[in-house]
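Just below is one structure, and these are the notes that go with it.
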Amino acid sequence: MPTYNININGKSHQVDADADTPLLWVLRDDLDMPGTKFGCGIAMCGACTVHLNGNAVRSCSLPVSAIGSNEVTTIEGLSENGDHPLQKVWIEQDVAQCGYCQTGQIMNAAALLKQNPNPDDAAIEAAMKGNICRCGTYVRIKNAIKSVAKA
Amino acid sequence: MTANHLKFVTSHGRRQFLKASVASAGGLMISFSWLGTATAMDESKDSTPVKLNSYLYVAPDGTITAMVPNPEFGQNVMTSMPMILAEEMDADWSHIIAKQAEYQPDEFERQFTGGSQSIRRGWQSLRMAGAGAKHMLLMAAAAKWQVPTAQLTAKNSVISHTATGNSATFGELAADAALMQLPSDITLKANTDFSLIGQSQTNVEGHKIVTGKPLFGIDYKSKDMLIAGLVHAPAFGKTLKDADLASIKEMPGITDAFILESTTPDYVKSYFDTSAFTKIVAIVGEKTWSVIKAKRALKAQWEDIKTHKEPLNRFGTMTEITVPGGLESTSEHRKQMEALLESELPILRTDGEPDKAFANAAKVLERTYYAPYLAHNTMEPMNFYGHVTKDGVHVAGPLQAPGMISPWVAERTGFSQDKVRIEVTRMGGGFGRRAYSHYLVEAAAISAQVNRPVKLIYTREDDMTNGIYRPTYMVRFKAGLDANNRLIAYQVDGVGVPEHSIHEHRFPAGAVDNYLARGDAIESNITTGAFRAPRSNFMGASEQTFLDEVAELAGADPIDFRIALFEKALSNPVGEKYDYDAARYAGVLKLVREKSGWDTMPASMHKGVAAYYCHNSYAAHVVTTTVKNGLPKADKVFSALDCGVVVNPIAASNMVQGAVVDGIGNAMYGEMTFTNGQPDKQNFDRYRMIRIDEAPASIDVHFVKSNIDPTGLGEPPFPPIFAALTNALYQQTGKRFYEQPLIKQLEQS
């Protein structure tokens with residue numbers, strides 16, 4: 001089994017994993033980072049969204065062998081104390097219902113705002129379309145992103 | 001509140017749980033023998049919380065642990081139930097720590113999340129627990145200061161005696177309070193004295209959710225835990241014959257592979273023990289990815305099941321169900337339902353002379369509606385942790401009904417139920433699916449076999465193809481109008497696989513002089529069950545779409561048309577009974593009419609309305625539509641709900657918004673089909689779920705102000721949104737919608 005050194009949340013981690021192991025399962029099984037969620041395994045739901053060099057990617061479909069020296073950020077590393085503006089507004093506006101998809105939603109929204117600090121409705125929808133919320137929190141997700149963009 | 005709301009006796013197992021009677025002071029007098037007894041603390045000043053009753057523990061530092069008996073799946077009980085406790089206790093909300101209770105039938109009454117009943121059925125117990133704890137603290141203060149309890153006041157976790165200037169915190173009094181013997185009667189607050197109930201509180205688990213803390217079953221871990229996966233038959237109507245286990249066991253990272261039978265031969269299943277695939281292959285390994293790869297590599301042989309009968313314990317009544325052999329297909333189901341509709345269906349209710357009335361009607365409208373199976377598709381796939389040792393069973397994970405699954409796992413593992421510990425985690429969605437927790441039994445059985453703790457994880461494909469689906473239904477309505485456009489005859493015929501959708505005493509029963517309801521069902525081996533009010537959501541969709549067309553035929557405004565029927569049910573009811581409150585039903589329509597500006601919307605706006613009553617609460621929606629990317633879609637939604645007292649307005653509003661989006665999503669896109677027993681959709685690439693750009697732009701939620709004891713919100717707002725959408729789409733497109741998913745018809749036109 002090959003060994004990989006991957007950079008996650010600013011720290012280097014050494015993991016032994018098959019080359020085709022999705023980053024999702026490395027995070028969850030090997031590195032004890034459960035914030036990145038398993039939803040579909042085929043990059044169709046967004047629950048497993050992390051950042052790769054700041055871009056939102058689906059970790060369920062990213063093999064550990066493809067990461068190389070790229071920097072991975074997970075929900076655990078998005079902010080120091082869970083106080084990223086999106087995390088704060090998500091709590092204030094009570095966005096979540098069951099909450100399972102929300103770390104993926106926040107990671108996706110954070111990548112969007114980094115590239116486009118003031119997205120309009122169409123830009124938010126285009127960026128967030130890949131993230132399913134089965135509870136139906138979309139209206140609040142959109143409002144929360146707009147609140148951070150305005151601030 | 002009226003007196004008859006309060007005259008009740010609830011019993012719990014061996015013990016009488018509570019009696020209530022009306023108090024003269026406007027509050028509610030309660031007498032009870034409390035379930036969980038208080039625990040006295042020794043004099044040492046440690047920080048251990050003191051148990052005042054099953055629900056409430058107070059630590060010397062003032063921290064109050066509020067136990068939440070019902071499983072949380074996004075309906076917000078983790079916040080709203082502690083709010084009820086804190087209200088009666090007069091606790092400072094910031095001192096409360098909410099904790100999900102394990103399954104403890106000796107401590108709590110009804111640890112079941114389903115049927116929109118958590119708050120409704122928990123309301124009195126939670127209030128009593130809060131009031132009881134407060135009274136013990138008051139008694140402790142009274143004893144300490146040698147004053148009568150009646151002279152004491154409690155506020156924000158502090159008890160004060162104005163005359164002497166004494167005050168003490170709950171934390172300071174807790175140890176003494178635990179020694180107090182509650183009197184047989186104490187008073188609950190009058191609704192007008194509520195200061196926390198009715199004030200929005202954000203989710204107590206909000207921070208954990210947004211920071212990705214381990215909350216969900218799939219996050220559960222223990223030392224030495226292995227990961228397990230299952231392979232079930234690829235089609236309903238098939239079962240495992242044999243599998244090449246040897247080659248799987250040789251795969252890297254795999255520790256075991258074996259054939260698992262989740263039931264024992266003598267076990268009689270109960271209502272929630274539904275599971276089509278009880279003979280399966282279990283694969284166990286160190287890591288999830290190894291297990292997934294082994295599952296994909298497995299070569300197994302399957303065989304057809306034969307038609308057989310299974311005993312079923314239906315809530316204490318022994319019945320027998322037939323599980324037919326054969327490989328079923330959606331196209332066949334449809335033909336079977338069409339044929340059944342043409343047969344003489346069993347009559348469920350008759351009022352007046354429907355045949356004669358239809359013959360004499362000036363206008364008759366007949367329409368047939370169809371909806372496919374739906375898969376729940378909770379975002380967190382089914383999973384459970386199991387650890388079986390020689391001493392007993394420990395399971396942990398996401399489930400709605402721990403008490404329902406306890407007998408099965410006990411039987412399967414050979415322990416008595418008191419040796420089964422069920423830990424309840426937050427659920428990544430439920431919608432009815434996790435009331436059927438066969439996966440818990442599977443996890444325990446795997447652990448017993450491998451002698452290690454295991455976490456069983458379903459992949460999305462496992463989850464979608466081993467469903468307890470919303471049944472497929474068909475219903476035919478017939479309405480007769482007289483020369484004055486009054487509804488004089490109404491007939492509803494329902495069929496479905498494996499159940500029909502008719503509640504014969506529901507609206508418009510009671511409001512139409514000549515009424516006929518009939519229904520019948522077709523047996524199937526495809527497993528179905530609860531899905532956010534399965535029959536109601538189909539009837540909300542079909543009946544309310546039909547009534548819109550009837551109102552149009554009558555030349556009436558669709559709200560006026562419905563309200564006239566409710567007035568008839570109130571003033572001159574037909575038949576011996578009907579099971580809705582016509583005034584409250586009309587009330588939500590009136591509220592949504594006002595809040596949406598129904599009567600003053602410009603003609604250029606396309607709008608639809610619908611209302612429905614189920615699971616004790618009333619809901620109405622108005623939807624407006626717009627065109628986006630060439631297709632019509634819901635734009636603005638206005639919702640009106642009557643669920644009695646609203647405990648936590650922000651969370652209640654969230655529930656309604658969620659039901660609206662979920663309903664629009666399922667109406668537009670929801671569909672599971674089968675070909676030769678095989679689910680045609682296995683993941684989100686083919687099973688279309690509503691996405692952010694397809695949700696309405698706004699959902700404006702309003703509640704009827706009420707002092708009636710609270711009822712639920714999980715199901716009630718869901719059924720009527722389907723028809724509010726179709727009725728608005730009709731205004732937009734000029735086309736009526738008789739089949740779900742709506743997207744098929746929209747894309748054709």
Problem set entry | Residue check for B:Leu137: in the same structural domain as B:Gln199 (by TED's automatic domain parsing), aliphatic (A, V, I, L, M) and either part of a loop (DSSP other than H, G, I, E, B) or within 33 Å of the chain's Cα centre (by Cα) (or both) | no
Problem set entry | B:Ile248 being surrounded by 21 or more Cβ atoms within 10 Å (Cβ to Cβ), in a helix (DSSP H, G or I), in contact (Cβ under 8 Å) with a residue 24 or more places away in the chain and over 29 Å from the mean Cα position of the chain (by Cα) | yes
Exercise. Which of the residues spanning region A:1-18 are more than 8 Å from every other protein chain (Cβ to nearest Cβ) and more than 17 Å from A:Leu52 (Cβ to Cβ)?
Worked result: A:Pro2, A:Thr3, A:Gln14, A:Asp16
Problem set entry | Of residues in region B:653-685 being facing chain A (nearest Cβ under 7 Å) and of a type in the set (Asp, Glu), the one farthest from the chain's Cα centre (by Cα) | B:Asp685
Seminar exercise, completed: The residue from B:Thr202, B:Thr192, B:Thr164, B:Thr153 that alone is more than 14 Å from chain A (Cβ to nearest Cβ), in a loop (DSSP other than H, G, I, E, B) and of a type in the set (Val, Ile, Thr) is B:Thr164
Problem set entry | Unmet requirement for B:Arg688, which otherwise passes all of (1) farther than 16 Å from B:Pro372 by Cα; (2) of a type outside the set (S, T, N, Q); (3) within 14 Å of chain A (Cβ to nearest Cβ) | (1)
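Quick test for you: out of A:Ser65, A:Ser79, pick the one residue that is surrounded by fewer than 21 Cβ atoms within 10 Å (Cβ to Cβ) and outside any helix (DSSP H, G or I). Walk me through how you get there before you give the answer.
Working: A:Ser65 fails: outside any helix (DSSP H, G or I).
Testing whether each residue is surrounded by fewer than 21 Cβ atoms within 10 Å (Cβ to Cβ) and outside any helix (DSSP H, G or I) leaves just A:Ser79.
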Exercise. Would it be correct to say that B:Ala142 is assigned by TED's automatic domain parsing to the domain that holds B:Ile64 and closer than 18 Å to B:Ala86 by Cα?
Worked result: no
For this session: Could you check B:Glu261 against (1) of a type in the set (D, E, K, R); (2) over 21 Å from B:Tyr385 (Cβ atoms); (3) surrounded by fewer than 21 Cβ atoms within 10 Å (Cβ to Cβ); (4) more than 14 Å from chain A (Cβ to nearest Cβ) and say which number it fails?
Result: (2)
For this session: Any chance you could count how many residues in region B:111-165 are over 19 Å from B:Lys189 (Cα atoms), of a type in the set (Ser, Thr, Tyr) and surrounded by fewer than 17 Cβ atoms within 10 Å (Cβ to Cβ)?
Result: 2
Exercise. Within region B:70-88, can one find any residue that is in contact with a Leu (Cβ under 7 Å, 6 or more places away or on another chain) and under 19 Å from B:Ile209 (Cα atoms)?
Worked result: yes
For this session: Can you give me the ranges of the strands (runs of 3 or more DSSP E) entirely in region B:359-403 with at least 1 residues that are among the charged types (D, E, K, R)?
Result: B:363-371
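Which one is farthest from the chain's Cα centre (by Cα) among residues in region A:19-35 that are outside any helix (DSSP H, G or I) and at the interface with chain B (Cβ under 7 Å from one of its Cβ atoms)?
The extreme case among them is A:Thr21.
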Exercise. Assigned to a helix (DSSP H, G or I) and either surrounded by fewer than 19 Cβ atoms within 10 Å (Cβ to Cβ) or in contact with an Asp or Glu (Cβ under 8 Å, 6 or more places away or on another chain) (or both): does that describe A:Ser12?
Worked result: no
For this session: Inspect all residues belonging to region A:87-94 and state whether any of them is more than 8 Å from chain B (Cβ to nearest Cβ) and either within 16 Å of A:Asn9 (Cα to Cα) or surrounded by 24 or more Cβ atoms within 10 Å (Cβ to Cβ) (or both).
Result: no
Exercise. Taking region A:86-123 as the search range and keeping residues that are among the hydrophobic types (A, V, I, L, M, F, W, C), in a loop (DSSP other than H, G, I, E, B) and touching a residue at least 40 places away in the same chain (Cβ under 8 Å), which one is nearest to B:Gly428 (Cα to Cα)?
Worked result: A:Cys101
Problem set entry | In region B:559-600, residue surrounded by the fewest Cβ atoms within 10 Å (Cβ to Cβ) [restricted to those that are in contact with a strand residue (DSSP E or B) (Cβ under 7 Å, 6 or more places away or on another chain) and β-branched (Val, Ile, Thr)] | B:Val574
Exercise. Among the residues of region B:219-232, is any out of contact with any Gly (no Cβ under 6 Å at 6 or more places or on another chain), assigned to a strand (DSSP E or B), within 14 Å of another protein chain (Cβ to nearest Cβ) and not hydrophobic (A, V, I, L, M, F, W, C)?
Worked result: yes
Exercise. Can B:Asp700 be described as within 14 Å of another protein chain (Cβ to nearest Cβ) and farther than 22 Å from B:Asn629 by Cβ?
Worked result: yes
Seminar exercise, completed: In region A:36-62, anything part of a helix (DSSP H, G or I) and either over 18 Å from A:Gly104 (Cβ atoms) or within 11 Å of chain B (Cβ to nearest Cβ) (or both) is listed as A:Cys60
For this session: Pull up region A:131-140, narrow it to residues that are in a loop (DSSP other than H, G, I, E, B) and touching a Ser or Thr at 6+ places or on another chain (Cβ under 8 Å), then point me to the one that is farthest from the other protein chains (Cβ to nearest Cβ).
Result: A:Asn131
Problem set entry | Within region B:395-419, considering residues that are touching a strand residue (DSSP E or B) at 6+ places or on another chain (Cβ under 8 Å) and without any contact (Cβ under 8 Å) to a residue 40 or more places away in the chain, the one surrounded by the fewest Cβ atoms within 10 Å (Cβ to Cβ) | B:Lys419
For this session: Of all residues in region B:637-688, count the ones that are closer than 23 Å to B:His333 by Cα and in contact with a helix residue (DSSP H, G or I) (Cβ under 6 Å, 6 or more places away or on another chain).
Result: 9
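The values are calculated or read from the model by the stated rules, or taken from the named source; none is laboratory data. Everything quoted here is computed from the prediction, not taken from an experiment. Glycine also receives a Cβ, built like all others from the backbone with ideal geometry; neighbour counts cover every protein chain displayed.
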